[in-house]
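Colleague: Dropping the structure in here first, questions after.
The values are calculated or read from the model by the stated rules, or taken from the named source; none is laboratory data. The model shown is predicted, which means the values in this text are computed figures rather than measured ones. Here the Cβ positions follow ideal geometry from the backbone for every residue, glycine too, while neighbour counts run over all protein chains shown.
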Amino acid sequence: MTTPAWGTVPAEAHGPIGVPLVDLLDRVLATGVVVSGDLVIAIAEVPLIRLSLHALLSSVNERVPAPWPDSGPL
Amino acid sequence: MTVLTYAYAVCRPHDGPAPTGLTGLDPGSPVRTLPAGPLTAVVQDVPAADYAEEALRRRLSDRAELERCARAHHEVITAVSSVTATVPLPLATLYRGDERVREALREQETSFVTALDRLAGRAEWGIKVYAPTAPTAPTPDPAPLTGRAYLDRVRNRHQGREQRQNAALQAAERVDAVVQSLAVATRRLRPHGPEATGPHRTHILNAAYLLDTARTRELRAALTSLRGDEPVIEIELSGPWAPYSFADAGTAP
């Protein structure tokens, strides 16, 4: 099997521009390997960032919201 | 100028030329590879003044800048994972220089190698399931109601809503079961709240699945038939993603 060279990464492989930010943040913030060692900063250790995001996007909320809000109409 | 090393991803050594055409987070330095034994990190120099703790905190607290960083991070990871098995690293993985990156990779060499073996030839897919939110205003009853009739009506609406919710949740579980049967690993993510989904639907399933790339066609076919079988819910498929949700162990289905 031949591996394509990085120099020839097809344009579409650069990722769809239209990926919703909320789905992207689910992946780049909430999961993944946190490499231990000499991290200058790790996102999970920055409460300020989580706080400000809380107002913007629930995907980075610490709490799992109830899927059904109680306030729905009868 | 003091620089930090921003690490995007870990993969195996690659024979091809270094990645080109990738801007990464900072246009001032190229995205490059950093060999470390049996592994290679994909990294970029970034100015410490812009990415050290306080600066980064401010940067990521700004919605527009957070989005720019997340998309730049994603672009590099997607490009790398399109050519070789890749362990994506989280946004804002920064080291005080290349040697620190090598040390971190050396320390976790075995788990990275294991992860790369597990991820080779596979991709992540996302499934989101939504249920429609109940209509906002009940239709007013023209005739005045007795107390008993009123209570009956309230109870019926309660039961109706509960039934619709249960039906949607069960449909979402059936979707999950079908996709899990095609996957080698799965992970539940947090459902999004109304800020992200809007008022007219409720997000009831947010899940990621790791699939052999050979099963992509099967996945798409399964989604087509699920959409026909489950009219109560709305199903969204996204992918293929780099295996963000499976960089660590994940859960076997």
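Colleague: Any residue in region B:92-121 that is on the phi > 0 side of the Ramachandran plot sitting within a Cβ distance under 8 Å of a residue that is modelled with pLDDT of 90 or more and assigned to a loop (DSSP other than H, G, I, E, B)? List the pairs, counting only those 6 or more apart or interchain.
Modeller: B:Gly121/B:Ala85
Colleague: Right, another one. Does B:Glu218 satisfy the criteria of being away from every other protein chain (no Cβ under 13 Å) and either over 16 Å from B:Glu124 (Cα atoms) or surrounded by 15 or more Cβ atoms within 10 Å (Cβ to Cβ) (or both)? Don't jump to the end; show me each part of the working.
Modeller: Numbers: away from every other protein chain (no Cβ under 13 Å): yes; either over 16 Å from B:Glu124 (Cα atoms) or surrounded by 15 or more Cβ atoms within 10 Å (Cβ to Cβ) (or both): no.
It is false that B:Glu218 is away from every other protein chain (no Cβ under 13 Å) and either over 16 Å from B:Glu124 (Cα atoms) or surrounded by 15 or more Cβ atoms within 10 Å (Cβ to Cβ) (or both).
Colleague: Next question. Consider B:Pro27 against the criteria (1) within 17 Å of B:Val101 (Cβ to Cβ); (2) more than 10 Å from chain A (Cβ to nearest Cβ); (3) at pLDDT 90 or above: it satisfies all of them except one. Which criterion is unmet?
Modeller: (1)
Colleague: Hey, does region B:185-202 have a residue that's out of contact with any Cys (no Cβ under 7 Å at 6 or more places or on another chain), touching a residue at least 24 places away in the same chain (Cβ under 8 Å) and aliphatic (A, V, I, L, M)?
Modeller: Yes.
Colleague: Can you tell me which residues in region B:95-107 are of a type outside the set (Asp, Glu) and surrounded by fewer than 24 Cβ atoms within 10 Å (Cβ to Cβ)? Explain how you work it out, then say what you get.
Modeller: Just the residues of region B:95-107 that are of a type outside the set (Asp, Glu), to begin with: B:95-97, B:100-102, B:104-106.
Within region B:95-107, B:Tyr95, B:Arg96, B:Gly97, B:Arg100, B:Arg102, B:Ala104, B:Leu105, B:Arg106 meet the criteria.
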